[in-house]
1. Considering only residues that are in contact with a helix residue (DSSP H, G or I) (Cβ under 9 Å, 6 or more places away or on another chain) and at pLDDT 90 or above, look in the stretch 43-83 and name the one that is nearest to residue 152 (Cα to Cα).
2. For residues that are assigned to a strand (DSSP E or B) and over 28 Å from the mean Cα position of the chain (by Cα), scanning just the stretch 158-188, find the one that is nearest to residue 109 (Cα to Cα).
3. Name the single residue, out of those in the stretch 99-112 being over 11 Å from residue 122 (Cα atoms) and over 13 Å from the mean Cα position of the chain (by Cα), that is surrounded by the fewest Cβ atoms within 10 Å (Cβ to Cβ).
4. I'd like the full set of residues that are outside any strand (DSSP E or B), in contact with a strand residue (DSSP E or B) (Cβ under 9 Å, 6 or more places away or on another chain) and more than 20 Å from residue 66 (Cα to Cα), limited to the stretch 76-116.
5. If I go through the stretch 152-175 residue by residue, how many of them are in contact with a strand residue (DSSP E or B) (Cβ under 8 Å, 6 or more places away or on another chain) and within 19 Å of residue 198 (Cα to Cα)?
6. Check the stretch 133-146 and report whether any residue there is out of contact with any helix residue (DSSP H, G or I) (no Cβ under 9 Å at 6 or more places or on another chain), at positive phi and at pLDDT below 95.
């Protein structure tokens, strides 16, 4: 076979290969574009499903969880933790009178003012705070513990304790005021002031938490107490 025919054959073969290769490249690019488009659609669908799952979890959590967590937004200057501002309000379903906890089952105060996105909490460290309490343990009957009046302050104080009541340092102080959940722990007796000639005793209490370091609180939602 003459050389020129061999060269022509080689050129035709190369041309056929190039055309075929180019065609395969375009097919591959088209498949890649389709693959990327499908991947993007799957990602968007996945994001939608994740959001639906999150919304469902939030609804289930609200329905089953008695507490609404809130961040301590700010404190009034030099108020000794008498009042706290938290970052939830009426848009979150918060209402005046709702109890506020420093931790689960540990009473801190109650909501006294509500705005759209913030609320004001009066705490047991406020001198305006007064409520009925029991000195004892939550699992004991009411008659087994001495009753007293809690007056807020730094530290909170117990007044009107019967002189014959047997109280000790470290005894738990529990809420019995009807406008707040029963038997929430407020603190423990840290000091007793009892005079032989007095008809009543007084005491001071301490809390197991540091109010200066509170960054989050719990609100008891959907609570309807007695005024």
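The values are calculated or read from the model by the stated rules, or taken from the named source; none is laboratory data. Bear in mind that the values here come from a model prediction, so they are computed numbers and not experimental data. When we count neighbours, we look across all protein chains shown, and the Cβ atoms used for this are built from the backbone with ideal geometry, even at glycine.
1. Across the stretch 43-83, the extreme among qualifying residues is 70.
2. Among residues in the stretch 158-188 that are assigned to a strand (DSSP E or B) and over 28 Å from the mean Cα position of the chain (by Cα), the one nearest to residue 109 (Cα to Cα) is 158.
3. Here the answer is 105.
4. Across the stretch 76-116, the qualifying residues are 76, 81, 82.
5. The total comes to 11.
6. Looking through the stretch 133-146, none of the residues is out of contact with any helix residue (DSSP H, G or I) (no Cβ under 9 Å at 6 or more places or on another chain), at positive phi and at pLDDT below 95.
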